[in-house]
Every structure is written in C-alpha cells, then in structure tokens.
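Engineer: Please find one structure pasted underneath; my questions will follow.
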Amino acid sequence: MKTEILKLLRESGNYISGQELCSKFGVSRTAVWKVINQLKEEGYGIEAVKNKGYRLQITPDVLSSSELKSRIQNEWAGRNIYYYEETGSTNIDAKRLGEEGAVHGTVVVADKQNAGRGRRGRAWESPAGKDIYFTILLRPEFPPDKVSGLTLVMALSVAEAVKGCCGQEAGIKWPNDVVLNGKKICGILTEMTMEMDYVQHVVIGTGINVNLDKMPAEIEKTATSILMESGKETTRAELLQKVLERFEINYEIYERDLDLRNMMETYNGYLVNKDRQVRVLDPKGEFGGIARGINAGGELLVERPDGKTVEIYAGEVSVRGIYGYV
C-alpha cells in the first residue's frame, strides 16, 4: 500500500484526502496515517492540512523499493524490482534470480555494492547514498552472437537519460563508457548464461556516478560524476526511471532488427571518438587512425593512414584517444 499511496501523491501534485485514500485501499484512517508517517520517517516531505488531506512536497534522494515502484510505468523493464541497501554485486544477484526463474526485465538495485566489478574483473567503487548500481535481467530470444550489441544499447540508453534528465551533454566512448566532458561517469558489464546455442539469460550491470563530489585519486584523471560536472545534485530514482524507459524502447528496436541499423545514427551522435584520431590497442599490433562511427553490428570503423577502413570488434581490443582516455 505504501507504494500505491506514494504514487498517488506524486501523480496528483495536489491534496488527496485521507478519506479518499481509505476508500481506495479499503483500510482505516489509522492505517493511512501509519503509512504517511513511515514515508515522513524516510525523508518525504508530506504536508497534512485539515479538510484538505495530504500533499507531497519533498522527495528525498532514495532508491527504495517503494520509491522506484511508484515511478516506473514501463511494460516490462523494471516492473519487477529487487532493492538492497547493500549487496556484493547486483550482477551476481540477478544471475541467481535468473536461475530461480525471475522474469524478463527484472531489475536488481543496490544503494551500495561491496564486490562490484568492471571490465576484466576490475573493482568498481560503490559507496552508499551517492550513485546508481543496478542490473537488468533479460531473456532474449535471439542467437548468442547478438547479445554483445545489448551493451551498446544500454550505453545509448544511459547517455539519452543523462541528457534528458540532467540536461548534460553526455557522450559515449566506444563501445560502452558514458562520459561527461571527456571523463567516465558510467561503466557497463554484460554477462551471458547459455546452454549449447541457447541463451538462458543475460544480465547487464550498470554503475553511474551521480552525486559523488570527489573521485578516488587513482581515477580522478579519467572519471567524474554528474554532480562534479553540473554542480547540481540529481534525484537518482528519477534518473534510473529514465534509463529504464529508454532501455525498454531501444531494446525492442534491437530485438526487432537484431542489429543497430535504426540506432546507429543516434549512437554515432553521442560517440565522442567519431572523426577523431584514436589509437587501437590490439594485441596483434597497435595502430592509429580516425574513428568514423559504428556500423550496424556495433563495430567501430577506423580509417587507417593508408585510407583503408577496418572494423574493430569490442573485446580484447581497446581504443583510446591519442592524447588520453578519449
């Protein structure tokens, strides 16, 4: 009931009488009063006026189950949510839930991770109360070789959400780092569980630096947060809501096409590497060139000095700007 009352207060924007809430949920005024008090204890500013009712004035920056469920109205992305104040890794949690039969679109959210991982097993800083750490569980009905494209789909969705929600010109460093002003604000880790040639499930873990006011010394040259770049705090639940909205739309396009042909132009518009000199760190031999955007398969097109354009596949190959991270 708490989630439903919070949703009604948010959507109304005006006063809702206690009697109206009692009638809607078939409970006593005392039960409604208890829920209102619970919300106040969690930091919600709720005004109570005699003969008018209750009105939501202030929403705290929380990622509680009630807060998220009261916001998300997607068909499937985030309709089923598991929230933890602290966990080891949302990817590990989502994989466990996948084995237990959790539905497509299930989302695991944590306020703090103590065993978060990035690409190639690197540790990911996960303090409490500042950032967004979530994983979405997917059950795609397409071949395993198409799963890698979902990482780019999530990167695009995050960049779109940051721009739409925070008004910041986010960019993408190929293939899936979301950046602001040349520094990373988001890391994405996609993992697949399969049997033979059948995809059992996919989990996409995403960490977004939102309200951190300082980066650890070892990454301060390449990482930042939305707060540090904009000077404004962001309501994390609202940003996560927007990410999931964009992801549901983009996923369905990808599922239909099985490639990025109808997102390629949009993705390239966010690509900070495009038409810039890059260094391709290939174990077979490094080389330089100019990035020309991605193709429908998500590979980066790099024009070499001899004029030949080559397709760069994500994986063991990394791309860097010739003067630094981007």
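Engineer: Could you tell me which numbered condition Tyr267 fails, if it satisfies all but one of (1) farther than 27 Å from Lys163 by Cα; (2) under 24 Å from the mean Cα position of the chain (by Cα); (3) hydroxyl-bearing (Ser, Thr, Tyr)?
Structural biologist: Condition not satisfied by Tyr267: (1).
Engineer: Under 8 Å between Cβ atoms, which residue pairs at least 6 apart in sequence (or on different chains) link something in the stretch 29-43 that is outside any helix (DSSP H, G or I) with a partner that is β-branched (Val, Ile, Thr)?
Structural biologist: So the pair list comes out as Glu42/Val62; Gly43/Ile58; Gly43/Val62.
Engineer: Could you list all residues from the stretch 249-285 that are in a loop (DSSP other than H, G, I, E, B), surrounded by 16 or more Cβ atoms within 10 Å (Cβ to Cβ) and polar (S, T, N, Q)?
Structural biologist: Asn273, the sole residue that qualifies.
Engineer: As an exercise: evaluate Arg29 against (1) in contact with a Cys (Cβ under 8 Å, 6 or more places away or on another chain); (2) closer than 26 Å to Leu138 by Cα and give the number of the one condition it does not meet.
Structural biologist: Answer for Arg29: the failing condition is (2).
Engineer: Out of Ala237, Ala314, which single residue is at pLDDT 90 or above, of a type in the set (Gly, Ala, Ser) and touching a helix residue (DSSP H, G or I) at 6+ places or on another chain (Cβ under 9 Å)?
Structural biologist: Checking each option against the conditions leaves just Ala237.
Engineer: Count, please, the residues in the stretch 99-147 that happen to be modelled with pLDDT of 90 or more, assigned to a loop (DSSP other than H, G, I, E, B) and of a type in the set (Asp, Glu).
Structural biologist: Within the stretch 99-147, residues that are modelled with pLDDT of 90 or more, assigned to a loop (DSSP other than H, G, I, E, B) and of a type in the set (Asp, Glu) number 4.
Engineer: Any idea which residue in the stretch 45-69 is modelled with the lowest pLDDT, counting only those that are of a type in the set (Lys, Arg) and within 16 Å of Leu8 (Cβ to Cβ)?
Structural biologist: Restricting to residues being of a type in the set (Lys, Arg) and within 16 Å of Leu8 (Cβ to Cβ), the top hit is Lys52.
Engineer: Would you check which residues across the stretch 48-80 are surrounded by fewer than 18 Cβ atoms within 10 Å (Cβ to Cβ), part of a strand (DSSP E or B) and in contact (Cβ under 8 Å) with a residue 24 or more places away in the chain and list them?
Structural biologist: Val49, Arg55
Engineer: Counting only residues that are more than 16 Å from the chain's Cα centre (by Cα), give me the strands (runs of 3 or more DSSP E) lying completely in the stretch 162-228 with at least 2 of them.
Structural biologist: 183-195, 198-208
Engineer: OK, next. Report, by residue number, each residue of the stretch 86-112 that is in contact (Cβ under 8 Å) with a residue 60 or more places away in the chain and among the hydrophobic types (A, V, I, L, M, F, W, C).
Structural biologist: Residues satisfying the conditions are Ala94, Val107, Val109.
Engineer: Looking at Thr235, Thr222, Thr190, Thr206, which one is surrounded by fewer than 18 Cβ atoms within 10 Å (Cβ to Cβ), out of contact with any Pro (no Cβ under 8 Å at 6 or more places or on another chain) and hydroxyl-bearing (Ser, Thr, Tyr)?
Structural biologist: Thr222
The values are calculated or read from the model by the stated rules, or taken from the named source; none is laboratory data. All values reported here derive from a predicted model rather than from experimental measurement. Note that we place each Cβ from the backbone using ideal geometry, even for glycine, and neighbour counts take in every protein chain shown.
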